[in-house]
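See structure below.
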Amino acid sequence: MKPRHKRAAIIAGGLVAVGLAAYFVLNAFESNLVFFFTPSQIESGEAPKNRTFRVGGMVKQGSLKRDSMTVSFVVTDTTKDVKVSYTGILPDLFKEGKGVVAQGKLDSTGQFTATEVLAKHDENYMPPEAQHAMDQAQLAKAAQTLK
């Protein structure tokens, strides 16, 4: 084999190795990427089907129901509501009327089945994207009432 052919084979092998590494890294990144949606976005069909995502908002007053380890509640952005079901131990700070972010999937009936529930740790803090979404929902609700 000529040196020129050896060099071309090494370069081709290196490009294949870099391509495979990039593919595996991007594939792992995509499978671990979790998007955030509000109840209004879920109702409008923007949320993915059969894929894990997060829903955030406030726990609606009077919606919390416990059945041994299974808990169901409603997450609202003051415009739309999403029913959430969760089996497990809720965070200590989880309460009705407080902010919550739940991670999971939508089932065929449109109920959100959570695998993880996060409660906000401070009454003055809300994630920026959740606050922005809540503000947008309230603006949309105000525009609807003015019509």
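Odds and ends about this structure:
- Accessible surface computed residue by residue for the chain, with neighbouring protein chains in place and a 1.4 Å probe, gives 67 Å² per residue.
- Computed from Cα atoms, the angle from the helix 128-146 axis to the main principal axis of the chain rounds to 50 degrees.
- Surface composition of the chain: carbon plus sulfur atoms contribute 58% of the solvent-accessible area (1.4 Å probe, protein chains only, all chains present).
- Each of Met1, Ala28, Met69 was scored by the projection of its Cα onto the charge dipole of the range 1-76, and the greatest displacement toward the positive side belongs to Met1; charges sit on the C-beta of Lys, Arg, Asp and Glu.
- Comparing Phe37, Phe94, Phe29 in a Gaussian network model of the chain where C-alpha atoms under 10 Å apart are linked, the largest mean-square fluctuation is found at Phe29.
- Largest mean-square fluctuation among Ala119, Ala17, Ala102, in a Gaussian network model of the chain whose springs join Cα atoms under 10 Å apart, belongs to Ala17.
- Each Lys or Arg adds one and each Asp or Glu takes one away; over the other residues whose Cβ falls under 14 Å from the Cβ of Ser72, this sums to 0.
- Using the Karplus relation 6.51 cos²θ - 1.76 cosθ + 1.60 with θ = phi - 60°, the per-residue 3J(HN,Hα) values for the range 83-96 come to 7, 10, 10, 9, 10, x, 8, 7, x, 4, 7, 6, 8, 5 Hz, with x marking Gly and Pro.
- DSSP-defined antiparallel bridges as percent of all bridges, the chain, nearest 5: 85 percent
- Acute angle (nearest 10 degrees) that the helix 3-32 long axis makes with the longest principal axis of the chain, alpha-carbon atoms: 10 degrees
The values are calculated or read from the model by the stated rules, or taken from the named source; none is laboratory data. Since the structure is predicted, the reported quantities are computational estimates derived from the model, not experimental observations. Glycine gets a Cβ as well: all are built from the backbone with ideal geometry, and neighbour counts include every protein chain shown. Accessible surface is based on the protein model in full, side chains and every heavy atom, while ligands, DNA and RNA are left aside. Shrake-Rupley method; radii C 1.70, N 1.55, O 1.52, S 1.80 Å.
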